[in-house]
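Working notes, beginning with the structure itself.
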There are 2 protein chains.
Amino acid sequence: MAPARRNGAHDSETRTALLDAAEHLMLEEGYAAVTSRRVAAKAGVNAALVYYYFGTMDELFLAVFRRRAEWMLDRQAEALASEQPLWALWDVSHDQANTALNLEFIALGNHRKAIRVAAADYSRRFRAQQLGALSGVLKGYGLDPDVWPPESVILILSSISRFLLMEEAYDLDMGHEQTVAIVERYLRSLEGERRPRTPSDDVP
Amino acid sequence: MAPARRNGAHDSETRTALLDAAEHLMLEEGYAAVTSRRVAAKAGVNAALVYYYFGTMDELFLAVFRRRAEWMLDRQAEALASEQPLWALWDVSHDQANTALNLEFIALGNHRKAIRVAAADYSRRFRAQQLGALSGVLKGYGLDPDVWPPESVILILSSISRFLLMEEAYDLDMGHEQTVAIVERYLRSLEGERRPRTPSDDVP
DNA sequence: GTCTATAGCTGGATAGAC
DNA sequence: GTCTATCCAGCTATAGAC
């Protein structure tokens with residue numbers, strides 16, 4: 001009996017190899033380089049297997065996105081549960097690969113509706129998780145929510161972090177050192193000196 | 001005598017129509033939709049003309065980028081020369097179309113070296129222009145450069161602005177209102193109440 | 001599950017008529 | 001300058017052998 005499309009055990013080795021290959025290609029050469037042939041070649045298998053496992057290229061992109069998104073949510077949850085959640089959030093959001101992939105997906109979402117919907121949904125969950133963990137904490141630090149709403153503190157931290165990373169990808173660093181110093185001075189004023197934390201594993 | 005490639009008067013109507021078509025396509029459907037055939041169809045001319053005017057698709061992308069970049073530099077220079085340069089910078093950087101195009105070019109630059117180089121170069125000029133116009137102004141406002149270096153003020157304003165716009169494209173607005181309020185409170189504290197300014201024209 | 005083969009399409013780029 | 005015609009490469013997706 002022929003297996004329905006989009007089958008092949010969710011944890012098959014080949015399936016994982018295809019996802020890894022697609023993610024690497026996307027990061028190194030942009031989403032336009034992610035074709036069934038190139039993904040398959042990089043994974044060391046036949047191109048027809050892409051369609052056996054994912055049905056369409058759209059579904060492949062979605063699977064790559066979801067896997068990475070779930071991993072980032074887990075990693076962020078772990079960070080937010082630490083003793084210094086603000087420092088941990090700042091550290092975890094300062095990840096070049098994730099930021100670059102995120103940009104690719106945003107650009108990809110510009111003309112693939114399924115991706116755009118998934119990215120919007122995930123951004124909401126991501127932000128909600130931060131807010132849920134931090135709004136109490138920030139109040140505990142003595143921040144007046146009418147002057148510094150937790151939503152804004154989180155948003156400003158995130159935007160600075162992402163902007164710095166985007167510029168670094170272009171070897172642009174004007175004002176970076178000083179800005180990092182300002183952010184970290186602020187974090188110290190709320191959460192004290194940064195203490196070492198066990199970094200979580202990277203994706204294989 | 002056959003004209004050398006990459007010719008055709010720099011201000012030819014057809015050339016401009018091709019640039020406009022390419023820019024619109026890029027904005028509406030992403031860079032992958034920018035093919036010689038589709039650009040030409042949108043401009044109402046034959047696809048071979050793309051190669052007559054630009055030689056390669058790479059050169060077309062570069063021409064679109066440069067035209068938009070020069071326009072943005074001019075527009076920013078005008079804003080920075082106003083009586084309230086910080087307010088003007090904040091307003092001018094809050095332009096959805098430019099931000100979306102910028103993201104497309106960043107993603108495109110991920111796998112087209114010529115674009116990456118041009119984008120990096122342009123970012124530097126853009127930032128240098130801001131810094132040149134504002135470092136004196138900020139000192140005049142009484143900001144201590146050791147606590148708030150102009151580079152950082154500019155960088156933080158820019159990153160917040162861009163992040164908000166990226167999220168708005170996804171109908172995400174958690175904390176936006178509050179963050180805009182914080183920024184504008186800050187701008188008011190330095191530059192007083194925002195006064196109306198003549199907005200510059202949009203590109204045709 | 002994995003492969004070969006192939007249909008059907010779209011793309012970049014060029015030659016050459018007008 | 002603008003067009004038609006064309007080459008060739010690479011793409012998605014499917015059928016069917018093993």
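Regarding region B:123-204, what is the average projected area of its C-alpha convex hull, in nm²?
Directional mean of the projected Cα hull area for region B:123-204 stands at 7.4 nm².
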P(r) weight above 26 Å for the protein assembly as shown, C-alpha pairs, percent: 60
Selected from A:ASP173, A:ASP20, A:ASP11 as most flexible by GNM, with chain A as the system and alpha-carbon contacts under 10 Å: A:ASP11
Inter-copy spacing of B:VAL147 label points, which lie 7 Å from Cα along Cα→Cβ, given in nm from shortest upward: 1.3
Candidates A:VAL64, A:VAL117, A:VAL34, ranked by Gaussian network fluctuation over chain A, Cα under 10 Å, top entry: A:VAL117
Label point 7 Å beyond Cα along the C-beta direction, distances from A:ALA47 to other copies (nm, shortest first): 1.9
Extent along principal axes [Cα atoms of region A:57-192; Å; largest to smallest]: 49, 34, 25
Calculated SAXS-style log₁₀ I(q)/I(0) at q = 0.16 Å⁻¹ - region A:100-146, Debye, Cα scatterers: -0.57
Within the protein assembly as shown: Cβ-based charge dipole about Cα centre, in debye rounded to nearest 20 (Lys, Arg +1; Asp, Glu -1): 1140
Whole-Å semi-axes of region A:1-118's equivalent ellipsoid (Cα gyration tensor): 29, 16, 13
Euclidean distance of C-alpha centroids, region A:26-48 and region B:88-108, integer Å: 30
Karplus 3J(HN,Hα) series, Hz, for region A:156-169 with 6.51 cos²θ - 1.76 cosθ + 1.60 (x for Gly, Pro): 5, 4, 5, 5, 4, 4, 5, 5, 4, 5, 4, 6, 4, 4
For A:LEU27, B:LEU101, order by how many other beta-carbon atoms lie within 10 Å, fewest first: A:LEU27, B:LEU101
Estimated [θ] at 222 nm from DSSP helical runs (n ≥ 4, -39500 (n - 2.57)) normalised by residues in the protein assembly as shown, nearest 500: -23000 deg cm²/dmol
Violating pairs (Cα-Cα greater than 30 angstrom) within the set A:LYS113/B:LYS113; A:LYS139/B:LYS139; A:LYS113/A:LYS139: A:LYS139/B:LYS139; A:LYS113/A:LYS139
Residue-span extension gain [B:SER189 to B:GLU70] - 0.36 nm each, minus C-alpha spacing: 39.7 nm
Listed residues B:TRP148, B:TRP90, B:TRP71, most fluctuating in chain B (Gaussian network, C-alpha, under 10 Å): B:TRP148
For residues of B:25-37, the mean tally of beta carbons on other chains within 10 Å: 3
0 to 90° range, to nearest 10: angle between helix B:13-29 axis and chain B longest Cα axis: 60
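Computed from the coordinates by the stated procedures, all read-outs in this text should not be read as laboratory data. Quick caveat: nothing in here was measured; it's all calculated off a predicted structure. Cβ sites come from the backbone with ideal geometry, for glycine too, and all protein chains shown count toward neighbours.
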